[in-house]
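Here's the structure we're looking at; comments come further down.
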Amino acid sequence: MSDAARRPGLDLMRVLAVAAVAWFHFGFRMQVTGEAGPLVAGDPGIFARYGYLGVSVFFAISGYVISISSEGRDPFGFAVARVARLWPTFVLCMSVTALVTLAVPGFAFSVSLPQYLANLTMVSPFLGQPFMDGAYWSIVAEIVFYVWVGVLMTARLWSRFQVPIAFVWLAVAALDQALIGSDVLRRLFLTDFAGFFAFGMMLRARERGEAGATAMLAAAYVQAIAGAAVFADGLVRLYDGEPFSQPLIAAVVAVALVALALATRSVRTGRPTGLVAIAGRATYPFYLLHQHIGYAAFLLLVPLVGLAGTALALIAGVALVALAITLCVETPAARMVRRLGDVARARALALVRRPA
């Protein structure tokens with residue numbers, strides 16, 4: 001999103017979403033799986049189990065923000081912008097996670113050179129290697145969304161037909177979840193989260209005044225709620241029968257998406273420098289760093305300072321590192337990637353224009 005039109009409400013939504021995800025990992029998952037050691041394994045929190053919905057909120061935000069980011073760009077410029085935003089920070093945070101994992105004795109996770117090299121691509125499962133951190137699965141979902149946007153931009157369909165695109169996507173998702181149950185469709189078309197991405201897309205389409213955007217926004221809203229309830233069935237199986245209340249999930253999603261719609265209505269011009277804007281940008285490195293490093297912190301520190309002390313130290317420490325990356329690394333790294341993109345574009349144009 002351009003600095004000239006920043007939505008401060010979105011930054012607050014990002015902060016709340018990443019806080020919910022951290023609550024899920026530390027208040028529920030690590031207690032069920034024992035990934036942080038036996039001292040923190042036990043009965044999980046009643047409500048912490050629903051914090052994973054923060055990831056779905058991120059997908060809805062992405063649908064909105066990517067719709068804005070793609071405006072006025074060609075496919076190459078869009079791809080460069082996405083790489084500049086995501087890849088340098090990902091490599092740094094992934095490397096820090098690898099070092100922490102190697103440094104902690106008796107940790108539930110291991111690191112190998114092939115795993116590290118595969119994770120440099122951000123899509124390590126496609127190379128037969130596990131993620132360096134379990135949270136990275138959602139980054140792959142984002143990349144799949146970006147690839148579809150790039151393909152549709154190349155075909156000159158994205159900017160003109162976003163409402164029909166959303167309709168087809170929601171229809172495929174509904175059919176897959178209700179009748180087909182195809183793993184291929186689920187991975188290729190992100191059918192578990194289509195309603196969230198499409199909801200964000202249609203928020204922007206409605207702002208542009210596109211015909212049918214309001215009706216499709218309502219359809220995406222319904223699909224997001226229904227899709228979240230269906231997705232919860234898989235979590236029950238994944239976490240050995242731990243209960244997930246579908247009515248509560250539906251209520252949380254319904255409220256969160258309304259809050260997101262309201263958040264997009266507040267526009268601030270000028271370059272964002274406030275605390276909320278910085279915190280919103282820092283949610284990306286925080287998300288990348290928090291899970292496995294957090295488990296390592298609980299494994300090492302709980303015997304020394306207890307559960308509450310470890311949680312406070314962990315959140316403060318990861319937040320400070322994330323802020324440092326945001327303020328000191330992200331901007332120059334992104335600028336370097338964009339320069340490389342400009343050089344690649346210039347050379348490609350020179351080759352095309354060279355006389356035969």
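The values are calculated or read from the model by the stated rules, or taken from the named source; none is laboratory data. Quick caveat: nothing in here was measured; it's all calculated off a predicted structure. Cβ placement follows ideal geometry from the backbone for every residue including glycine, while neighbour counts extend to all protein chains displayed. For accessibility, only protein heavy atoms count, side chains too; no ligands or nucleic acids. Shrake-Rupley method; radii C 1.70, N 1.55, O 1.52, S 1.80 Å.
Residues are listed down the side, and each one gets a yes or a no for (1) of a type in the set (Phe, Trp, Tyr); (2) on the phi < 0 side of the Ramachandran plot:
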| site | (1), (2) |
| --- | --- |
| 230 | no, yes |
| 241 | no, no |
| 244 | yes, yes |
| 249 | no, yes |
| 263 | no, yes |
| 306 | no, no |
*Quick one: count up the residues across segment 186-221 that are without any contact (Cβ under 8 Å) to a residue 40 or more places away in the chain and more than 25 Å from residue 160 (Cβ to Cβ).*
2
_Hits in segment 147-179 - residues which are among the aromatic types (Phe, Trp, Tyr) and within 23 Å of the chain's Cα centre (by Cα)_ = 148, 158, 167, 169
*Within the group 78, 24, 59, 28, which residue is under 13 Å from the mean Cα position of the chain (by Cα) and either touching a residue at least 12 places away in the same chain (Cβ under 8 Å) or in a helix (DSSP H, G or I) (or both)?*
59
_Could you check segment 171-223 and list, in sequence order, the residues that are part of a loop (DSSP other than H, G, I, E, B) and among the hydrophobic types (A, V, I, L, M, F, W, C)?_
190, 193, 211
*Here are some residues: 320, 257. Which one is at pLDDT 95 or above, under 29 Å from residue 60 (Cα atoms) and open to solvent by less than 30 Å² (accessible area, probe 1.4 Å)?*
257
*asked:* Quick check on segment 87-108. Is at least one of its residues of a type in the set (Gly, Ala, Ser), surrounded by 13 or more Cβ atoms within 10 Å (Cβ to Cβ), at pLDDT 95 or above and touching a Leu at 6+ places or on another chain (Cβ under 7 Å)?
replied: no
*Can you name the residue in segment 270-291 that is of a type in the set (A, V, I, L, M, F, W, C) and buried (at least 22 other Cβ atoms within 10 Å of the Cβ) and is also modelled with the lowest pLDDT among such residues?*
282
*Unmet requirement for residue 151, which otherwise passes all of (1) assigned to a helix (DSSP H, G or I); (2) open to solvent by less than 70 Å² (accessible area, probe 1.4 Å); (3) not aromatic (Phe, Trp, Tyr)*: (2)
*Among the residues of segment 29-40 satisfying the criterion of being under 17 Å from residue 308 (Cβ atoms) and buried (at least 22 other Cβ atoms within 10 Å of the Cβ), which is modelled with the lowest pLDDT?*
36
*Residue among 172, 230 that alone is open to solvent by 20 Å² or more (accessible area, probe 1.4 Å), aliphatic (A, V, I, L, M), touching a helix residue (DSSP H, G or I) at 6+ places or on another chain (Cβ under 6 Å) and modelled with pLDDT under 95*: 230
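Rundown of residues vs (1) under 23 Å from residue 260 (Cα atoms); (2) at pLDDT 95 or above; (3) out of contact with any Leu (no Cβ under 9 Å at 6 or more places or on another chain), yes/no style:
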| position | (1), (2), (3) |
| --- | --- |
| 163 | yes, yes, yes |
| 179 | no, no, yes |
| 202 | yes, yes, no |
| 210 | yes, no, yes |
*Any chance segment 35-47 includes a residue that's assigned to a helix (DSSP H, G or I), under 15 Å from residue 244 (Cβ atoms) and over 16 Å from the mean Cα position of the chain (by Cα)?*
no
_segment 117-139, residues that are crowded, with 17+ Cβ neighbours inside 10 Å and either assigned to a helix (DSSP H, G or I) or aromatic (Phe, Trp, Tyr) (or both)_ = 118, 119, 124, 131, 135, 136, 138, 139
*Could you please find all residues in segment 66-78 being open to solvent by 20 Å² or more (accessible area, probe 1.4 Å) and either within 20 Å of residue 137 (Cα to Cα) or among the basic types (Lys, Arg) (or both)?*
73
*Would you check if residue 220 is aliphatic (A, V, I, L, M), open to solvent by less than 20 Å² (accessible area, probe 1.4 Å), more than 28 Å from residue 30 (Cα to Cα) and modelled with pLDDT under 95?*
no
*Collect the residues in segment 175-212 that are open to solvent by 60 Å² or more (accessible area, probe 1.4 Å) and charged (D, E, K, R), keeping them in residue-number order.*
183, 186, 187, 206, 207, 208
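Find the residue count for segment 20-37, including only residues that are of a type in the set (Val, Ile, Thr) and closer than 15 Å to residue 56 by Cα.
Final tally of qualifying residues: 1.
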*residue 167: part of a helix (DSSP H, G or I), modelled with pLDDT under 95 and either open to solvent by 10 Å² or more (accessible area, probe 1.4 Å) or of a type in the set (Ser, Thr, Tyr) (or both), yes or no?*
no
